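One structure is given here, and the rest of the page talks about it.
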Amino acid sequence: MNHPLYIYNSLSRRKEHFKPLHEPMVGMYVCGPTVYGDAHLGHARPAITFDILYRYLQHLGYKVRYVRNITDVGHLEHDADEGDDKIEKKARLEKLEPMEVVQFYLNRYHKAMEALNVLPPSIEPHASGHIIEQIEYVKAILDAGYAYVSEGSVYFDVPKYNRDYHYGKLSGRNIDELLNTTRELDGQSEKRNPADFALWKKAAPEHIMHWPSPWSEGFPGWHLECSTMSEKYLGEVFDIHGGGMDLQFPHHECEIAQSVAHSGHDAVRYWMHNNMITINGQKMGKSLGNFITLDEFFNGTHQALVQAYSPMTIRFFILQAHYRGTVDFSNEALQAAEKAYERMMDGWKRLNELKPSEKSSVDVNGLAEKCAEAMNDDLNTPIVIAHLFDACRAINSVNDGKETISADDLEQLKATFKTYLFDVLGIVDERAGGSGVNLKPYEEAVDLLLNIRREAKQKKDWATSDLIRNRLAEIGFDVKDTKDGFEWKVK
């Protein structure tokens, strides 16, 4: 296979023609959540971004082994090497076992991802389930001379590594700048240099999660899990590593250093990073306290929200921007996304109700090719959506009797919508039961009322006709009379 897919490689800082290492298999690793709280909008963006990549690679005919890790140990509260473990802190506050916290929030994360129609990964490994592999990984880095033991902890020697390789090549940082700007923290005296990072931490007496190792009773550093688990499931070299732009430094920079020190070569061929979701220009996240959970969006319970927003509104909102561009949250932006999503679903509904003519006066040829071209240009989902809206305008024109469409063109148009709107972009029609609720009886009840209204109009029973229309309008239905009967939608 030689598909013309170009993706932006964060390492080379340019778009590159994607060529898998072992066709037709693609190895893809994406940093997953630290499960100590409910998923928020910031978690939705990388999940949806790499879901799109996963879907599109499969559409192109590749087999994809998609690994998305779960951080359930070693991610500390204040710094990558110091502070409380976030899950342990939550466990102490709620008087639970740490793995109870992990399972509770992981279940909720999975539920939120399912609502957003994010496909599950091929493998979802936990850091706590790969302690032995991580210890062996640290041993190899020590043997290579790029780490040292200090007071029961093991640290990666960044300056020594930088003399042989280049630490900072992903984020564009320079080692001298790092050494001069890294802040001093409690316990930093264990390190030879402030830029060094922990591969293994000796556990304090109050630390709940710890394991035996050759150096101490302790736990792995945060960065170590991804290097270890990606190699275990994808090999020493694999195709794509993804995550949020905030992970470029230090997390992914440290991963690169670990992998090179361990194996003598880079592990990742294409690095991909999605940009942030912001609120009032600031990154949305737990550390800043300005996040809104996905459940709060779905239920409309956060004070910053003027209404609830459905999962597909959230997905559409994210896909309307290119994954490398910033997206700023506002109610106005979400309401616009909601209306756009509803217009798209209206277009799909009308498309399935159109009657073919002998000839077409609308031009729908080339739509699939245009969508493919946009996807091949670094997953340009906003352009795909724009092409589909152009098609909706043609659908509306045929529906209004201004244009005609042949049976072949009609089937081609339906196939393109199915492929790009539903299969690739992962949109579902929530009104047609895509949310998991069977809406067919509800739709048939509205149609029944409107058919009674149509019969009343034919009998010139204007009182009954107006009563049905007005009452439907009062409870939120927008009814439109057409040459073939009627259309309706929820306002």
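The values are calculated or read from the model by the stated rules, or taken from the named source; none is laboratory data. The model shown is predicted, which means the values in this text are computed figures rather than measured ones. As a convention, Cβ positions derive from the backbone with ideal geometry for all residues, glycine included, and neighbour counts pool all protein chains shown.
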Task: Residue, farthest from ARG315 (Cα to Cα), within the range 108-166, restricted to residues that are of a type in the set (Ser, Thr, Tyr) and under 30 Å from the mean Cα position of the chain (by Cα) - done: TYR137
- [ ] Kindly indicate whether any position in the range 303-317 is assigned to a helix (DSSP H, G or I) and hydroxyl-bearing (Ser, Thr, Tyr).
- [x] yes
TODO: Within the range 171-188, identify whether any single residue is outside any helix (DSSP H, G or I), within 22 Å of VAL268 (Cβ to Cβ) and touching a Leu at 6+ places or on another chain (Cβ under 8 Å), and answer yes or no.
DONE: no
Open item on the list: I'd like the full set of residues that are of a type outside the set (A, V, I, L, M) and crowded, with 21+ Cβ neighbours inside 10 Å, limited to the range 223-249.
Closed with: HIS223, GLU225, CYS226, SER227, THR228, SER230, PHE238, ASP239, HIS241, GLY242, GLY243, GLY244
Open item on the list: Given the criteria within 28 Å of TYR6 (Cβ to Cβ), assigned by TED's automatic domain parsing to the domain that holds ARG173 and either at pLDDT below 95 or in contact with a helix residue (DSSP H, G or I) (Cβ under 8 Å, 6 or more places away or on another chain) (or both), does HIS223 qualify?
Closed with: no
- [ ] Say whether the condition of being over 19 Å from ILE240 (Cα atoms), in the same structural domain as GLU124 (by TED's automatic domain parsing) and under 12 Å from the mean Cα position of the chain (by Cα) is met by at least one residue in the range 28-39.
- [x] yes
Open item on the list: Going residue by residue through the range 294-303, is there one that turns out to be of a type outside the set (Phe, Trp, Tyr) and touching a strand residue (DSSP E or B) at 6+ places or on another chain (Cβ under 6 Å)?
Closed with: no
Task: Sole residue being surrounded by fewer than 16 Cβ atoms within 10 Å (Cβ to Cβ) and among the hydrophobic types (A, V, I, L, M, F, W, C), chosen from ILE131, ILE123 - done: ILE123
Task: Answer residue from the range 23-73, given it is farther than 26 Å from ALA321 by Cβ and hydroxyl-bearing (Ser, Thr, Tyr) and is modelled with the lowest pLDDT among those - done: TYR36
Open item on the list: I'd like the full set of residues that are at pLDDT 85 or above, of a type in the set (Gly, Ala, Ser) and not in a loop (DSSP other than H, G, I, E, B), limited to the range 189-220.
Closed with: ALA198, GLY218
Open item on the list: Cβ-Cβ under 8 Å, sequence separation 6+ or interchain: first residue in the range 243-258 and outside the structural domain of LEU170 (by TED's automatic domain parsing) and under 13 Å from ALA198 (Cα atoms), partner basic (Lys, Arg) and crowded, with 19+ Cβ neighbours inside 10 Å. Which pairs?
Closed with: none
Task: Count of the range 169-178 residues which are within 24 Å of SER189 (Cβ to Cβ) and either under 33 Å from the mean Cα position of the chain (by Cα) or surrounded by 18 or more Cβ atoms within 10 Å (Cβ to Cβ) (or both) - done: 4
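Results for (1) in a helix (DSSP H, G or I); (2) under 30 Å from LYS19 (Cα atoms); (3) in the same structural domain as ILE52 (by TED's automatic domain parsing); (4) hydrophobic (A, V, I, L, M, F, W, C), shown as yes or no for each residue.
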site: HIS322; (1), (2), (3), (4): no, yes, no, no
site: GLN335; (1), (2), (3), (4): yes, no, no, no
site: GLY347; (1), (2), (3), (4): yes, no, no, no
site: ASP363; (1), (2), (3), (4): no, no, no, no
site: GLU369; (1), (2), (3), (4): yes, yes, no, no
site: ASP390; (1), (2), (3), (4): yes, no, no, no
Open item on the list: I'd like to know if the range 433-442 contains one or more residues that are exposed (fewer than 12 other Cβ atoms within 10 Å of the Cβ) and modelled with pLDDT of 85 or more.
Closed with: no
Open item on the list: Whether any residue in the range 150-158 is at pLDDT below 90, of a type outside the set (Gly, Ala, Ser), at negative phi and surrounded by 14 or more Cβ atoms within 10 Å (Cβ to Cβ) is what I want to check.
Closed with: no
- [ ] Identify all residues within the range 325-365 that are under 20 Å from ALA386 (Cβ atoms), touching a residue at least 24 places away in the same chain (Cβ under 8 Å) and among the hydrophobic types (A, V, I, L, M, F, W, C); write none if there are none.
- [x] VAL327, LEU334, ALA337, ALA340, MET344, MET345, TRP348, LEU351, VAL362, VAL364
Open item on the list: Looking for something basic (Lys, Arg), at pLDDT below 95 and surrounded by 14 or more Cβ atoms within 10 Å (Cβ to Cβ) - is there at least one such residue anywhere in the range 370-379?
Closed with: no
Task: Every pair of residues 6+ apart whose Cβ atoms lie under 8 Å, when the first sits in the range 124-145 and is within 18 Å of MET209 (Cα to Cα) while the second is β-branched (Val, Ile, Thr) and modelled with pLDDT of 95 or more - done: PRO125/VAL67; PRO125/ILE70; HIS126/ILE70; ALA127/ILE70; HIS130/THR228; GLU133/THR228; GLN134/THR228
Open item on the list: Looking at the range 409-429 only, could you name the residues that are in contact (Cβ under 8 Å) with a residue 12 or more places away in the chain, of a type in the set (Asp, Glu) and surrounded by fewer than 20 Cβ atoms within 10 Å (Cβ to Cβ)?
Closed with: ASP423, ASP429
TODO: Return yes or no: is GLU136 closer than 26 Å to PRO33 by Cα, touching a strand residue (DSSP E or B) at 6+ places or on another chain (Cβ under 9 Å) and surrounded by fewer than 21 Cβ atoms within 10 Å (Cβ to Cβ)?
DONE: no
Task: Top-ranked residue in the range 80-101 [being out of contact with any helix residue (DSSP H, G or I) (no Cβ under 6 Å at 6 or more places or on another chain) and in a helix (DSSP H, G or I); ranked as surrounded by the fewest Cβ atoms within 10 Å (Cβ to Cβ)] - done: LEU93
Task: ASP266 being surrounded by fewer than 17 Cβ atoms within 10 Å (Cβ to Cβ) and in a helix (DSSP H, G or I) - done: no
- [ ] Give me a count of the residues in the range 392-408 that are in contact with a Lys or Arg (Cβ under 7 Å, 6 or more places away or on another chain), crowded, with 17+ Cβ neighbours inside 10 Å and not in a helix (DSSP H, G or I).
- [x] 1
